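Chemist: Take this structure, written in structure tokens, and hold onto it; I'll ask about it next.
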């Protein structure tokens, strides 16, 4: 039985290594296509890797560049935004995203965000969820060590230092664990989307006939999905305006 399990493990590992090598070959092929100016083929190569279940900020960034060079600004925006979600502080991603945004027709004013919330979210985005989780584990381990020292050290001064420093590390561990959860939610549970069709009329209600026409949006505009009803999606703009459109008119990030 152990031998069978070992053989299965070896085969599974071999398949994973082979698949990883295949994906790496596809990535290198996509890079060659990009360098040779065959941007549509580069798009196909990068997208095939993502369709296989592998994704990263770098891969989305490369795909965004290939779409941009192919003059598909909307899909370039989609992939730059996806890259930025995974790496919110990357200057190259932000730079290319701003360049692509210049082609968007709609100029939506951004409502000012409450200062404390903006500062807090900005702080959480400094590191990704994995780093915050690592800091949490390390500080929790240090706290346990300090509490053990509290029970075994005889000097009163060092016992006090161990106890209060341990309390401080527990607070840091809990805080960074919370940051890790929130950063993970920012990446996995957001409701952002990009308008995909050249232009779409936003309705006051999820009905083609009875809904009142509110305003017009154009492709590339970023929205937040706030409600779902059948094939309809209620979206909110950064200026606070909202309305309904069909799911086929947008693409989720």
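A quick yes/no check of all residues on (1) assigned to a helix (DSSP H, G or I); (2) in contact (Cβ under 8 Å) with a residue 60 or more places away in the chain; (3) farther than 27 Å from residue 75 by Cβ:
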{"site": "148", "(1), (2), (3)": "yes, no, yes"}
{"site": "165", "(1), (2), (3)": "yes, no, yes"}
{"site": "170", "(1), (2), (3)": "yes, no, yes"}
{"site": "184", "(1), (2), (3)": "yes, no, no"}
{"site": "217", "(1), (2), (3)": "no, yes, no"}
{"site": "223", "(1), (2), (3)": "no, no, no"}
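Chemist: Just a yes or no: is a residue in region 189-210 at pLDDT below 90 and assigned to a helix (DSSP H, G or I)?
Modeler: Checked region 189-210: no residue is at pLDDT below 90 and assigned to a helix (DSSP H, G or I).
Chemist: Report yes if residue 219 is touching a helix residue (DSSP H, G or I) at 6+ places or on another chain (Cβ under 7 Å) and loosely packed, with under 14 Cβ neighbours inside 10 Å, otherwise no. Give the derivation first.
Modeler: On the way: touching a helix residue (DSSP H, G or I) at 6+ places or on another chain (Cβ under 7 Å): yes; loosely packed, with under 14 Cβ neighbours inside 10 Å: no.
Here the answer is no, as residue 219 does not meet what is asked.
Chemist: While we're looking at this one, here's another question. Given the conditions (1) exposed (fewer than 10 other Cβ atoms within 10 Å of the Cβ); (2) part of a helix (DSSP H, G or I); (3) at pLDDT 90 or above, report the number of the one that residue 37 does not fulfil.
Modeler: Here residue 37 clears every test but (2).
The values are calculated or read from the model by the stated rules, or taken from the named source; none is laboratory data. Bear in mind that the values here come from a model prediction, so they are computed numbers and not experimental data. In this analysis, Cβ positions are derived from the backbone assuming ideal geometry, glycine residues included, and neighbour counts consider all displayed protein chains.
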